[in-house]
Amino acid sequence: MLDWVRFILTTIFLLAALTIFVSQFVGVHRFKYVLNRMHAAAMGDTLGLFFGITGVCISATSVDTLIKFILVVLFMWFASPVSSHLIAKLEWITNPDISKEAEVKEL
């Protein structure tokens, strides 16, 4: 019975990860502006990876494997936002027409 519960939970988490990755793919190809694309890609990486690795962690049989997966998630959670921020800052600094390209709405 416990094996079936683990299988169902793993399937649910992996399907959630697949849904997030598909929405990330659609967002990257639908948005026109580079910062919007980057936001869709970064959010998909962070959340999709979390759900995917959580699903795999549920079905992991070894503690060593579980620790490795958790370390991968922690590394990606630190590396992905930092790299996304640096790319966005580079776009902001090097693009002179950023206010024309970005959809800036005044309050």
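Numbers below:
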read-out: Filter result for the condition that a residue is touching an Asp or Glu at 6+ places or on another chain (Cβ under 6 Å) and of a type in the set (A, V, I, L, M), over VAL22, VAL28, VAL34; value: VAL34
read-out: When residues of segment 1-58 are limited to those that are under 30 Å from LYS100 (Cβ atoms) and among the aromatic types (Phe, Trp, Tyr), the one modelled with the highest pLDDT; value: PHE25
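The values are calculated or read from the model by the stated rules, or taken from the named source; none is laboratory data. Worth saying up front: this structure is predicted, and the values here are computed from it rather than measured. Cβ: placed from backbone, ideal geometry, glycine included. Neighbour counts: every protein chain shown.
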